[in-house]
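Have a look at the structure below before the remarks.
The values are calculated or read from the model by the stated rules, or taken from the named source; none is laboratory data. Bear in mind the structure is a predicted one, so any value in this text is a computation, not a measurement. Cβ placement follows ideal geometry from the backbone for every residue including glycine, while neighbour counts extend to all protein chains displayed.
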């Protein structure tokens, strides 16, 4: 069995461990880190086998190998650059290269390992950009929550009608997810329904619809979902305006259609708990004006990120870190004169201790694993399979990717698509139809199963919703909404 097949086996086993996280009682971050680093380790130890390179040949001979060029054009292009740089060095310092104007065959293996390191460096920059972006966003949102800033919204909810409350919660989730992100919004909204709903079964129903609304809301915003952020960050969808205007209506339909169906079957009123469940971070209670200030400042900082990116053309994480710096500065000065106990839990330093670092490490591991498979050419084979199976129909391909994201995580699927298809022209051009529809499908398709999205996993953990209950009570709503939104997009741009 070839080493490249061992990598696939490791990848599949790791994904099963992630999907069965609660059954095997191993955090998905551990499984993701293992498969990410093992795949890169296997690639680095035997790179010539993965690349199908005969290391007994010289670099010049490899460049002229037409079969190798067809199998791995990127590797041959890299070797051409190596050869060109070598020629320049020979021209500048001929006395140092007398008798070896060409790179000798014994150095081919070394050049192959340099190619592996070059690929790792390239992927690491993209991955680090996403991780820093997430870290900044999570810190700002946690700081708002620490100041009880979200009470600005939640204190205004008064209805006890189940149907009305479901619509209110879903619309709040939909728009908050676009402004913040679907994972954080889901966590915040679960704390909201705990204050509003006493019955566990009814709360689970609301939790399921929060997942649907959060994923749909995140799909049409460059900062609302990790997958949309990846497409925005990596140049497939650089225009923020196109993301919002073209994906808003399909995402809204994916939320409204399940709500319309549920309104027929869901009846009665909700009973509020006698005692409000607090999930605050701090010992001291901030003043009302402090809550409002931090809420407005934090939200403005998050909304500033796409503006900064558009103006400067820098990666989005730079704008996020700028916003974090401003919020950090203001909150430090805000509590500077308070006693240590009065400001405990209200500083960025204390909030950083509450950041879900495991989620950040999960993304690191899973993106590294996908990058390794991309480097050895597995994703190109998947692209060929999808193109052949669906006759290059971008709508069928993306709908399939969206449904697959319910079984596995949508992050690696989008990363895989980024590796499978290059930004070219037509539907695959920057801001093209393929990338837009991919953002919608990958963002909303994961709602079909509770383990199919970060928001679903979070709600599952917080409310202890079982996998089977979600399939029976929520999955059909999510699937109907998913196809309704997909049809809306097709009617808008596919005809």
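The rows are residues; the columns are (1) out of contact with any strand residue (DSSP E or B) (no Cβ under 8 Å at 6 or more places or on another chain); (2) at pLDDT 75 or above; (3) surrounded by fewer than 15 Cβ atoms within 10 Å (Cβ to Cβ); (4) not in a helix (DSSP H, G or I).
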| site | (1), (2), (3), (4) |
| --- | --- |
| 80 | yes, yes, no, no |
| 88 | yes, no, yes, no |
| 103 | yes, no, no, yes |
| 111 | yes, yes, no, no |
| 126 | yes, yes, no, no |
| 135 | yes, yes, no, no |
Pick from the stretch 2-16 the residues that are over 24 Å from residue 115 (Cβ atoms) and modelled with pLDDT under 85: which of them is surrounded by the most Cβ atoms within 10 Å (Cβ to Cβ)? 15
Just checking, how many residues over the stretch 460-495 are modelled with pLDDT under 80 and part of a helix (DSSP H, G or I)? 6
Looking only at the stretch 33-43, decide whether some residue is crowded, with 17+ Cβ neighbours inside 10 Å and either in a loop (DSSP other than H, G, I, E, B) or at pLDDT below 85 (or both). no
Could you list, in sequence order, all residues of the stretch 401-435 that are part of a helix (DSSP H, G or I) and under 30 Å from residue 206 (Cβ atoms)? 401, 402, 403, 404, 405, 406, 407, 410, 411, 412, 413, 414
Out of (1) part of a helix (DSSP H, G or I); (2) at pLDDT 75 or above; (3) farther than 26 Å from residue 146 by Cα, the odd one out for residue 318 is which? (3)
Look through the stretch 383-419, keep the residues that are closer than 17 Å to residue 440 by Cβ and surrounded by fewer than 15 Cβ atoms within 10 Å (Cβ to Cβ), and return whichever of them is modelled with the lowest pLDDT. 393
Can you pull out the residues in the stretch 182-193 that are out of contact with any helix residue (DSSP H, G or I) (no Cβ under 6 Å at 6 or more places or on another chain) and either buried (at least 19 other Cβ atoms within 10 Å of the Cβ) or at positive phi (or both)? 188
